[in-house]
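Colleague: Have a look at this one.
The values are calculated or read from the model by the stated rules, or taken from the named source; none is laboratory data. As the structure is a prediction and not an experimental result, all values here were calculated from the model. Cβ atoms come from the backbone with ideal geometry, glycine included; neighbour counts cover every protein chain shown. Note: accessible area is taken over every heavy atom of the protein model, side chains too, but ligands, DNA and RNA are not part of it. Shrake-Rupley method; radii C 1.70, N 1.55, O 1.52, S 1.80 Å.
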Amino acid sequence: MAETLREIIDTTTAATLRARGSYKWTAPGPGGFGAAVAEMDFGAAPPVLDALAGLSADAKFGYLPPPLADGLAVACAEFQQRRYGWEVDPALVHHVPDVLKALEIAITQFSRPGSPVILPTPAYMPFLTVPGFLGREIIQVRMLDDAGFFTLDLDAISGAFRAGGDLLIFCNPYNPLGRVFTAGEMAQLTDVVDRHGGRVFADEIHGPIIYPGERHLPYASTSATAAAHTLTATSASKAWNLPGLKCAQVILSSEPDRQRWEEMGFFAAHGASNPGVVANTAAYRHGEAWLDEVLGYLDESRRLLAGLLGRHLPQVRYRPPDGTYLAWLDCTAMDLPGSPGQLVTERAQVTVVDGPAFGAGGPGAFRLNFATPHPVLAEIVERVAAALRSE
């Protein structure tokens with residue numbers, strides 16, 4: 001009798017994960033535990049593996065052929081409609097290597113030359129560095145924190161536009177804070193952006209990872225006004241664990257942006273791989289049953305983490321995320337001799353991402369990836385607790 005996905009996950013040990021040789025699990029060194037890199041420890045969906053096997057059997061290792069690219073665009077558009085109710089023209093879906101390439105394009109091709117980039121923080125770490133590599137300043141806007149429930153500071157965002165900012169990075173679901181924003185919140189944001197004639201880069205790569213009671217609404221789908229000023233970036237890479245295959249999508253939602261994209265030239269967005277395109281297509285078309293099983297497991301994981309922290313580290317503030325498999329652990333109530341994420345990484349041999357890496361609002365906290373087997377997660381929390389309680 002075939003094992004269920006849950007049985008396969010729960011019987012996977014830390015030693016097995018290290019033996020697989022991923023960066024997430026080899027970076028901590030022998031005996032270490034990986035909880036920093038945003039990857040899942042659940043293997044891959046069978047339809048994705050079958051699609052990659054077919055690609056290898058046919059030796060499709062040349063340049064990306066148009067039929068593969070076109071198939072991806074259709075599959076992505078159909079997924080957006082089926083999962084979120086957003087009607088997308090496949091002709092407006094374009095392949096890129098990853099979301100960071102999409103951000104580079106948004107900054108260099110779709111924002112006012114030389115203008116600062118507006119970034120709510122704590123923010124996904126590369127968003128704090130990519131603009132600088134492109135010669136742009138960053139205006140950090142710290143999220144409002146109401147006992148662990150984070151919201152956008154719309155007044156501060158408005159001030160950032162008045163200070164010269166032109167492009168706002170909007171991460172939804174929010175990495176690292178786990179928020180899934182409501183239609184009302186996005187309508188308020190749209191009003192601010194529109195009032196200042198700004199642009200939005202909507203990072204929705206975690207969009208499929210949503211828990212019961214929440215709903216992912218693509219920002220550009222919420223109104224014609226939002227659509228007119230938005231470039232949306234997405235991918236199957238987080239929900240189906242495919243980041244190493246190098247494929248993401250940019251969804252355009254305005255005619256001027258479509259024209260601008262056509263003017264950019266082939267190499268501006270070049271680099272998505274054939275395996276990545278095939279894997280993303282298979283995930284969108286045939287991978288939802290596997291994804292839904294994983295979401296059920298992750299839903300239990302986020303609640304398990306709450307129980308484990310309540311038992312071992314009650315001073316740590318944690319709000320189970322609305323989406324993503326990333327936990328934001330606030331240790332500011334603890335009297336620690338240093339940054340908590342650094343202490344955890346060094347003393348517990350559990351690699352996490354320390355709060356300062358996320359910009360303003362990050363110090364005193366750290367990000368922990370809970371997309372791992374439940375027994376491994378329990379050991380991770382016990383190790384973290386032992387390291388922090390030693391003080």
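Colleague: If a residue must be at pLDDT 95 or above, assigned to a loop (DSSP other than H, G, I, E, B) and small (G, A, S), how many such residues does the stretch 351-391 contain?
Modeller: Residues flagged as at pLDDT 95 or above, assigned to a loop (DSSP other than H, G, I, E, B) and small (G, A, S) within the stretch 351-391 amount to 6.
Colleague: Determine, yes or no, whether E288 is open to solvent by 10 Å² or more (accessible area, probe 1.4 Å), among the charged types (D, E, K, R) and without any contact (Cβ under 8 Å) to a residue 24 or more places away in the chain.
Modeller: Considered against the rule, which asks whether it is open to solvent by 10 Å² or more (accessible area, probe 1.4 Å), among the charged types (D, E, K, R) and without any contact (Cβ under 8 Å) to a residue 24 or more places away in the chain, E288 comes out as no.
Colleague: In the stretch 332-384, which residues are basic (K, R) and within 18 Å of A15 (Cα to Cα)? Steps first, answer last, please.
Modeller: So the first thing to find is which residues in the stretch 332-384 are basic (K, R), and the list is 347, 367, 383.
Of everything in the stretch 332-384, just one residue is basic (K, R) and within 18 Å of A15 (Cα to Cα), namely R383.
Colleague: Another question, if that's okay. Given the options L231, L134, L128, L217, name the one that is aliphatic (A, V, I, L, M), surrounded by 23 or more Cβ atoms within 10 Å (Cβ to Cβ) and under 29 Å from G276 (Cβ atoms).
Modeller: Being aliphatic (A, V, I, L, M), surrounded by 23 or more Cβ atoms within 10 Å (Cβ to Cβ) and under 29 Å from G276 (Cβ atoms) holds for just one of L231, L134, L128, L217, which is L231.
Colleague: Out of all the residues in the stretch 270-284, is one or more under 19 Å from F110 (Cβ atoms) and hydroxyl-bearing (S, T, Y)?
Modeller: Within the stretch 270-284 (the criterion being under 19 Å from F110 (Cβ atoms) and hydroxyl-bearing (S, T, Y)), the answer is no, since none of the residues qualifies.
Colleague: Considering the stretch 298-316 alone, what residues qualify as being over 20 Å from P373 (Cβ atoms) and either touching a His at 6+ places or on another chain (Cβ under 6 Å) or crowded, with 17+ Cβ neighbours inside 10 Å (or both)?
Modeller: L313, V316
Colleague: Quick check: is even one residue across the stretch 234-256 charged (D, E, K, R), over 16 Å from L103 (Cβ atoms) and in contact (Cβ under 8 Å) with a residue 60 or more places away in the chain?
Modeller: Looking only at the stretch 234-256, we keep the residues that are charged (D, E, K, R), and these are 238, 246, 255.
Pick out the ones that are also over 16 Å from L103 (Cβ atoms) and you get 255.
If we keep only those that are in contact (Cβ under 8 Å) with a residue 60 or more places away in the chain too, we end up with none.
No, the stretch 234-256 contains no residue that is charged (D, E, K, R), over 16 Å from L103 (Cβ atoms) and in contact (Cβ under 8 Å) with a residue 60 or more places away in the chain.
Colleague: Any residue at all in the stretch 303-311 that's within 22 Å of E214 (Cβ to Cβ), assigned to a helix (DSSP H, G or I) and basic (K, R)?
Modeller: Yes.
Colleague: With respect to G71, is the statement that it is assigned to a loop (DSSP other than H, G, I, E, B) and touching a residue at least 12 places away in the same chain (Cβ under 8 Å) true? Before the answer, list the steps.
Modeller: Working: assigned to a loop (DSSP other than H, G, I, E, B): no; touching a residue at least 12 places away in the same chain (Cβ under 8 Å): yes.
No: the conditions fail for G71.
Colleague: In the stretch 234-254, how many residues are assigned to a helix (DSSP H, G or I) and either at pLDDT below 95 or crowded, with 22+ Cβ neighbours inside 10 Å (or both)? First the steps, then the outcome.
Modeller: Of the stretch 234-254, the ones assigned to a helix (DSSP H, G or I) are 243-245.
Right, trim to either at pLDDT below 95 or crowded, with 22+ Cβ neighbours inside 10 Å (or both) and you get 245.
Residues meeting the conditions: 1.
Colleague: Just checking, does the stretch 47-62 include any residue being touching a Pro at 6+ places or on another chain (Cβ under 6 Å), open to solvent by less than 60 Å² (accessible area, probe 1.4 Å) and part of a loop (DSSP other than H, G, I, E, B)?
Modeller: No, the stretch 47-62 has no match at all.
Colleague: Would you be able to tell me the number of residues in the stretch 327-350 that are open to solvent by 30 Å² or more (accessible area, probe 1.4 Å), assigned to a helix (DSSP H, G or I) and not hydroxyl-bearing (S, T, Y)?
Modeller: 3
Colleague: Show the residue pairs meeting these rules: Cβ distance below 8 Å; 6+ apart or different chains; first residue within the stretch 75-86 and closer than 12 Å to N280 by Cβ; second residue open to solvent by 70 Å² or more (accessible area, probe 1.4 Å).
Modeller: A75/R285; F79/R285
Colleague: Any chance the stretch 262-270 includes a residue that's aromatic (F, W, Y), open to solvent by 30 Å² or more (accessible area, probe 1.4 Å) and under 25 Å from Y63 (Cβ atoms)? Give the derivation first.
Modeller: Initially, the stretch 262-270 is screened for residues aromatic (F, W, Y), giving 266-267.
Adding the requirement that they be open to solvent by 30 Å² or more (accessible area, probe 1.4 Å) leaves 266-267.
From what's left, under 25 Å from Y63 (Cβ atoms): 266-267.
Yes, because at least one residue in the stretch 262-270 is aromatic (F, W, Y), open to solvent by 30 Å² or more (accessible area, probe 1.4 Å) and under 25 Å from Y63 (Cβ atoms).
Colleague: Determine which single condition G29 fails, assuming it passes every other condition in (1) open to solvent by 70 Å² or more (accessible area, probe 1.4 Å); (2) at pLDDT below 95; (3) more than 14 Å from H374 (Cα to Cα); (4) out of contact with any helix residue (DSSP H, G or I) (no Cβ under 9 Å at 6 or more places or on another chain).
Modeller: Against the list (1) open to solvent by 70 Å² or more (accessible area, probe 1.4 Å); (2) at pLDDT below 95; (3) more than 14 Å from H374 (Cα to Cα); (4) out of contact with any helix residue (DSSP H, G or I) (no Cβ under 9 Å at 6 or more places or on another chain), G29 comes up short only on (1).
Colleague: Is there a residue in the stretch 313-325 that is farther than 19 Å from A45 by Cβ, of a type in the set (D, E, K, R) and part of a helix (DSSP H, G or I)?
Modeller: No, the stretch 313-325 contains no residue that is farther than 19 Å from A45 by Cβ, of a type in the set (D, E, K, R) and part of a helix (DSSP H, G or I).
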